[in-house]
Structures are given as structure tokens and as C-alpha cells.
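The values are calculated or read from the model by the stated rules, or taken from the named source; none is laboratory data. As the structure is a prediction and not an experimental result, all values here were calculated from the model. Cβ: placed from backbone, ideal geometry, glycine included. Neighbour counts: every protein chain shown. Side chains are part of the model used for accessible areas, which takes the heavy atoms of the whole protein and leaves out ligands, DNA and RNA. Shrake-Rupley method; radii C 1.70, N 1.55, O 1.52, S 1.80 Å.
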Amino acid sequence: MKYFSGNFEQAVETANKENKKIFVYGHTDWCGYCRKMEKSTFKEKEVNDYMNSKYINLNYDLEKGEGVYIASKFNIKSYPTCLVLHS
């Protein structure tokens, strides 16, 4: 999956310009289910093609950097967490 390289605010701006929704994939380093999802679901071509065409995709370790802010903002307490946001 192609993940957006800017910050959350930039992702919102880009989503508005491109008329897309925002997909947030939240994970941690220690989460086994996160690793499983990354190795299976997120590797499927059909999933990638669809997600890249419809969403600005964000990938956050919810215990590091901007991910801590995202976890707090959306009250995320379990992993993996996937959010679909309308910009």
C-alpha cells in the first residue's frame, strides 16, 4: 500500500484536494496481529489498488511520534486499529 509521507494535517489537505477519504492504519512494534495483517492483507494487489485509488493512506506506530497524537485524538486503545475518516 502506498502510504502518505507528510503529517496528518497535510494528509487532510491532500484528501480534500483529491476528493479522497483518509485511511489510518495504527499499529505497534510488539503487535502480532499487526505484523500478520501487514504480511497478508496489506500485500494483496487488489487491496492495494483499491486503497490507493480511494484513500490517502496513513501508517502510524501509535506509541511513537505523531502516532501518539493520533492515538490520543481518536482514543485508540487496541491494535491494530484501522480508521476511515472523511476529510
Subject >> Residue of Thr14, Thr28, Thr41 that the Gaussian network model of the chain assigns the largest fluctuation, springs spanning Cα pairs under 10 Å >> reply: Thr41
**OP:** For the chain, just give the cysteines left without a disulfide-compatible partner, judged by no other Cys Cβ under 4.7 Å.
**Re:** Cys82
Original post:
Carbon and sulfur: what percent of the chain's accessible surface (1.4 Å probe)?
Top reply: 50
Subject >> Residues Lys73 and Trp30, FRET efficiency given R0 of 25 Å [Cβ-Cβ distance, rounded to 0.05] >> reply: 0.70
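Just to confirm the filter: which trypsin sites (Lys or Arg not before Pro) across the range 17-87 are DSSP coil and have at most 15 other Cβ within 10 angstrom of their Cβ? Before the final figure, lay out each step's value.
Details: sites: Lys17, Lys20, Lys21, Arg35, Lys36, Lys39, Lys43, Lys45, Lys54, Lys64, Lys73, Lys77; in loops: Lys20, Lys64, Lys77.
Those satisfying the criteria are Lys64, Lys77.
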Subject >> For Rg and Dmax of the Cα atoms in Å, calculated from these coordinates, the label among [x] 12.5, 35; [y] 11.7, 34; [z] 11.7, 39 >> reply: [x]
**OP:** Write down the percent of antiparallel bridges among all DSSP beta bridges whose residues are both part of the chain, to the nearest 5.
**Re:** 40
Original post:
Near the amide H of Asn57, under 5 Å away, which other amide H atoms are found, from residues 5 or more places off or on another chain, if H is placed in the peptide plane?
Top reply: Phe4, Phe23
Subject >> Whole-number accessible area per residue in Å² for the chain, which is evaluated in the context of all protein chains at 1.4 Å >> reply: 64
Original post:
Is it possible to state the helix-based mean residue ellipticity at 222 nm for the chain, with each DSSP H run of 4+ residues giving -39500 (n - 2.57), the sum divided by total residues, to the nearest 500 deg cm²/dmol? What is it?
Top reply: -12000 deg cm²/dmol
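So if I place +1 on the C-beta of Lys and Arg and -1 on the C-beta of Asp and Glu, and nothing else carries charge, what would the dipole magnitude of the chain be about its Cα centre? I want it in debye, nearest 20.
On the way: 13 positive and 11 negative charges, 42 e Å.
With Lys and Arg at +1 and Asp and Glu at -1, about 200 debye.
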Original post:
Largest first, how would Cys82, Cys34 line up by accessible area (1.4 Å probe)?
Top reply: Cys82, Cys34
